[in-house]
């Protein structure tokens, strides 16, 4: 994406009153809006905020769930066929 279009996209996404991000097909983040960056606790100099990153793994920014919530889905839902 060319730089003027990228800056326009970022400015527009910062106006959206929700979490917004862009990612490539591998699920690597290419940008997040300010609301999403604040929610993720990204520092003010984080590359996703300063537009100096081209791709960042989602897992590197999304907090891991607590270990008490790591039950596989099929173990936590009753089986109605039993």
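Of the residues making up the stretch 36-53, those that are surrounded by fewer than 16 Cβ atoms within 10 Å (Cβ to Cβ) and outside any loop (DSSP other than H, G, I, E, B) are 38, 39, 47, 50. Reported count of residues in the stretch 6-34, each being touching a helix residue (DSSP H, G or I) at 6+ places or on another chain (Cβ under 8 Å) and assigned to a helix (DSSP H, G or I), is 2.
Every number in this text was worked out from the coordinates using simple rules, so none of it is lab data. None of the values given here were measured: they were computed from a predicted structure. Cβ atoms come from the backbone with ideal geometry, glycine included; neighbour counts cover every protein chain shown.
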